[in-house]
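One structure below.
The values are calculated or read from the model by the stated rules, or taken from the named source; none is laboratory data. Computed from a predicted model, the values in this text were never measured in an experiment. Glycine gets a Cβ as well: all are built from the backbone with ideal geometry, and neighbour counts include every protein chain shown.
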Amino acid sequence: MKLRIHSFLGSWGLVSGIPAFILLLMAFVPYQRSAPSEREMQTAFSLGCLERADIDFILTEPGVITAEAEWLPADSPAALLLYGPGQMNYYLRKEGKSGEKLEFTVTDRHIARGTEWSVVVLNQQDTKISGLLKVRLPGEEPK
């Protein structure tokens with residue numbers, strides 16, 4: 001009895017050896033496009049009346065800033081604000097109960113004005129609130 005060894009693709013007469021291995025590898029290894037780079041920061045807070053918690057960051061490329069804050073007691077209103085370069089006042093302000101979220105698209109024109117940004121949670125009520133502020137930014141950590 002004679003033992004015969006055939007490569008899978010070689011038995012079909014396609015290719016053999018290293019090119020066959022590369023083709024097989026390409027067929028079974030999933031291709032994933034890399035997602036846009038993103039970074040996330042967060043801070044816990046406990047705020048009395050007129051106190052604020054903030055996250056300051058440098059942004060050097062355009063993209064979407066997303067911020068959200070959750071706190072207890074959940075029905076106590078607070079404000080979520082976004083400050084950026086080239087403006088004395090805030091770019092965006094959202095007021096409401098816990099779970100407040102804001103999104104802002106930063107353009108090349110904003111970046112040309114400067115790179116320093118800040119997201120703030122502001123408690124304007126007599127009730128103390130405690131929670132977590134999260135900010136997601138486009139891009140890699142600055143070097």
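Suppose we filter R109, R93, R136 for residues that are in a strand (DSSP E or B) and without any contact (Cβ under 8 Å) to a residue 24 or more places away in the chain; which single one remains? Unique residue meeting the criteria: R93. Only residues that are surrounded by fewer than 18 Cβ atoms within 10 Å (Cβ to Cβ), under 18 Å from I65 (Cβ atoms) and of a type outside the set (D, E) were counted across segment 123-141, and they come to 4.
Candidates in segment 54-78 are the residues that are in a strand (DSSP E or B) and over 27 Å from T107 (Cβ atoms); of these, the one that is nearest to the chain's Cα centre (by Cα) is E70. Considering P30, P19, the condition of being out of contact with any strand residue (DSSP E or B) (no Cβ under 6 Å at 6 or more places or on another chain), at pLDDT below 95 and either assigned to a loop (DSSP other than H, G, I, E, B) or surrounded by 15 or more Cβ atoms within 10 Å (Cβ to Cβ) (or both) is satisfied by P30 alone. Scanning segment 49-89 for residues that are free of Cβ contacts under 8 Å to residues at least 40 places away in the same chain and either buried (at least 18 other Cβ atoms within 10 Å of the Cβ) or of a type in the set (K, R) (or both) returns L82, Y83, G84.
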